[in-house]
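Just below is one structure, and these are the notes that go with it.
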Amino acid sequence: MSEKVVIIGSGPAGHAAAIYAGRAKLEPLMYEGMFAAGVAAGGQLTTTTEVENYPGHLSISGPELMEKMREQSMHCGARIKTETVDRVDLSRRPFKVFVGEDVIEANVIIIATGATAKRMNLPGEERLWQKGISACAVCDGGLPIFRNKTLVVVGGGDSAVEEANYLTKYASKVIMLVRRDVLRASKVMQDRAKNNPKIEILFNTVPVEVVGEKVLSGVVVQSTTPDAKRSTIEAGGLFYAIGHLPNTSFLQGQLELDDVGYIKTKPGTTYTSVEGVFAAGDVQDKVYRQAITSAGTGCMAALEAERFLSEHH
Ligand code: FAD
Ligand code: NDP
């Protein structure tokens, strides 16, 4: 017998979808992943400490918030399997979902597999990760350890400029490290960085090591020009903004993706290029990338799945 709804992924998007689909009596089956894409079940928030911008919680630890979402999904009728989906066959309905030796049929699939922020794995990074090093300024920038310090942002794209601008609210100074002699960011964003007196842009520069005892205290940087000159910037924070990798490789090209690999959705909806397959959360969003926006699109996916199932028995 086919499952009505299979949800792949277990971040805020997957759980919001599971809560709505469960309450709609669709008995959703969620594959929460077994360290899929290097992230624990529960998604990216399991890798952070305090979340202070999820409505309803003044402050809550990321893992605790995700545990509560999981509990709520099950309370609403979702079944959860701690396994990773290897691949899917979307060529006809019911779709096929391949998990190890098992093949599950699904009338609807909601993909909520998230994205992974790229990191540089510099010497010292593992030890100081989340102790002054982050890949999300909007999430972590307001934390006390970053106040009135020099903060370093790596990257020259729109995200890097957005993060650098955001951090100037808290930092005494923000230094952007750009590996080439130009920013990749759009013109309007470039102007925003260049016109902000608190932002200094170091072109042709990359970080090569992070230093600090218990928390980050400095970043060793190196010039990308032939002289390869090294120096150390005293800094209280290092923020990566060098892009994200959406977790879509298991789709093997069966859905339309953009040039980076994000699932393309019809604007204002969670419809993908295949009828009956919906996408929610960071896997289809390279702009907002927040827990609340992911949960919002997870809700949309479940409502759209419900409508789809009522029209296609
Ligand atoms: P994710 O949270 O990425 O979860 C996707 C899940 O799907 C993962 O568990 C993954 O393992 C699983 N998965 C992937 N592939 C498969 C597969 N093939 N089969 C089964 N499972 C699979 N946002 C905020 O709003 N506030 C914050 O304070 C905040 N802090 C953050 C701190 C950090 C360090 C990071 C990295 C992000 C932070 N964010 C924050 C962003 C937020 O975590 C994301 O926007 C949100 O988690 C995206 O949710 P999602 O449901 O799309 O996917
Ligand atoms: P991008 O891929 O656009 O930019 C990544 C940046 O990081 C580039 O400057 C790149 O350098 C640099 N980089 C990559 N790897 C390394 C590395 N190993 N070491 C040093 N630097 C590195 O990613 P974004 O996340 O900025 O943007 C993704 C998409 O989202 C874009 O389409 C962007 O326009 C969009 N976006 C739009 C926003 C807005 O409009 N407000 C906000 C945020 C994102 P190089 O240029 O040399 O490759």
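The values are calculated or read from the model by the stated rules, or taken from the named source; none is laboratory data. Keep in mind that what you see is a predicted model, and the values were worked out from it rather than measured. FYI the Cβ positions are ideal-geometry reconstructions off the backbone, even for glycines, and counts take in every protein chain you see.
The set of residues from the stretch 265-291 being exposed (fewer than 15 other Cβ atoms within 10 Å of the Cβ) and either at positive phi or part of a helix (DSSP H, G or I) (or both) comprises just one member, Gly268. Go through the stretch 238-264 and report how many residues are within 13 Å of ligand 1 (Cβ to nearest atom), of a type outside the set (Phe, Trp, Tyr), touching a Lys or Arg at 6+ places or on another chain (Cβ under 9 Å) and part of a strand (DSSP E or B). Of the residues in that region, 3 qualify.
Give the residue, chosen from Ile145, Ile110, that is away from ligand 2 (no atom under 16 Å from the Cβ), under 21 Å from Tyr54 (Cα atoms) and of a type in the set (Val, Ile, Thr). So the residue among Ile145, Ile110 that is away from ligand 2 (no atom under 16 Å from the Cβ), under 21 Å from Tyr54 (Cα atoms) and of a type in the set (Val, Ile, Thr) is Ile145. Within the stretch 241-254, one or more residues are out of contact with any Phe, Trp or Tyr (no Cβ under 6 Å at 6 or more places or on another chain), free of Cβ contacts under 8 Å to residues at least 60 places away in the same chain and either of a type in the set (D, E, K, R) or at negative phi (or both). Just wondering, is there one or more residues in the stretch 299-308 that are within 23 Å of Thr116 (Cα to Cα) and either part of a loop (DSSP other than H, G, I, E, B) or outside the structural domain of Val88 (by TED's automatic domain parsing) (or both)? Checked against the condition, which is being within 23 Å of Thr116 (Cα to Cα) and either part of a loop (DSSP other than H, G, I, E, B) or outside the structural domain of Val88 (by TED's automatic domain parsing) (or both), the stretch 299-308 yields no hits at all. Screening Val174 on (1) on the phi < 0 side of the Ramachandran plot; (2) out of contact with any strand residue (DSSP E or B) (no Cβ under 6 Å at 6 or more places or on another chain) shows it passes everything except condition (2). Considering the stretch 41-86, and only residues there that are basic (Lys, Arg) and in a helix (DSSP H, G or I), the residue that is nearest to Asn247 (Cα to Cα) turns out to be Arg70. Given the structure, is Ile133 assigned by TED's automatic domain parsing to the domain that holds Gly43, near ligand 1 (Cβ under 10 Å from one of its atoms) and out of contact with any Pro (no Cβ under 8 Å at 6 or more places or on another chain)? No; evaluated as a whole, the condition is false for this residue.
Here Ala228 meets each of (1) hydrophobic (A, V, I, L, M, F, W, C); (2) in a loop (DSSP other than H, G, I, E, B); (3) within 24 Å of the chain's Cα centre (by Cα) with one exception, condition (3). Residues in the stretch 23-39 that are crowded, with 18+ Cβ neighbours inside 10 Å, within 9 Å of ligand 1 (Cβ to nearest atom) and part of a loop (DSSP other than H, G, I, E, B): Glu32, Gly33, Val39.
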